[in-house]
Every structure is written in C-alpha cells, then in structure tokens.
Amino acid sequence: MHRLLVINPGSTSTKVAVYDDEQPLFVETLRHPTEELAAFPHVLDQYDFRLQAILGFMKAKEIPLSSLSAVVGRGGLLRPIPSGTYRVNDRMVEELLRRGKEREHASNLGAPLAKEIAGRAGIPSFIVDPVCVD
C-alpha cells in the first residue's frame, strides 16, 4: 500500500487529500479568508502559513508524516513541459520561487510545500501535470 498526501494550493484555499493507493481517506478544502491572506504582500509569502495549515490538517486527522509514502503537489508556472509526473528537486523549487516573483500563482507553492513535508518524512515528492503543461 502507498499512502499519499496531495496538496493543491488555490487563490483562497489549499485542497488537501490523503489516499491509500487509489482510495481517498480524507479530502478537505482548507479555506483561507481574504482578511488572513491580506497580511501577505505576495503569494510566495504565504508559504509558512499554508505549511502550518497542512500540518495542522495532518495532526487533526491523526496521520503521522511517517505513514506517508510520498507527497504530491500541484505544479506551478514552470517552463512549458509535457504532461506527466515529475519528481520535485531543488532546481524546480528554485525556478518556481523565482518565477513566483514575476508571475504570481498559488500553484507555485505546490512543489515547495510538497518537498518540505516530504523532506521531514524522508520520502519523495512529486508534481503531476503542472499548470504549465504544453
């Protein structure tokens, strides 16, 4: 069995789900009121805020990070690439953080959040069909 944490950052929410293989255990939308988001001048400034929201979700659902096999984030505004699944690496995160300053989009947080959480658990992180798919 593979347990996956899936993260999809949106403009005013972060959708999170935990799957055992193809079976969803939890699917939830973590809403971020615009008043809270107003404290962050740029989308990338929301990183820690959203990270804590996701970790809080995991704690509330009593899902230890050690039970995960991988973390998947929504891919952001990378250079055009073919549809598919990509392992998150430092170069990808660097590009998303750099482009995030030029072209703000909540999906730019997907790979960095996945990499951070996966790193804490010592597991791989991926993105699937990022918004830049050519």
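The values are calculated or read from the model by the stated rules, or taken from the named source; none is laboratory data. Note that this is a predicted model, so its numbers are computed, not measured. Using ideal geometry, Cβ is built from the backbone for each residue, glycine included, and neighbour counts are taken over all protein chains shown. Quick note on the areas: whole protein, heavy atoms, side chains included, nothing else; ligands and nucleic acids left out. Shrake-Rupley method; radii C 1.70, N 1.55, O 1.52, S 1.80 Å.
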Exercise. Measure off, as a whole percent, the carbon and sulfur share of the 1.4 Å-probe accessible area of the chain, all protein chains present.
Key: 50
Self-check item: Residue (of V43, L96, G10) at the positive-pole extreme of the chain, dipole from beta-carbon charges
Solution: L96
Self-check item: the chain, accessible area per residue, ligands and nucleic acids excluded (1.4 Å, Å²)
Solution: 54
Quiz prompt | Share antiparallel - DSSP beta bridges, the chain, percent rounded to 5 | solution = 65
Quiz item: If packing is taken as the mean number of other Cβ atoms within 10 Å per residue, what is the order of 26-33, 69-76, highest first?
Solution: 69-76, 26-33
Quiz item: What is the dipole size for the chain, taken about its Cα centre, with +1 at each Lys and Arg Cβ and -1 at each Asp and Glu Cβ, in debye to the nearest 20?
Solution: 180
Self-check item: S67, S107, S11, ranked by accessible area, largest first (probe 1.4 Å)
Solution: S11, S67, S107
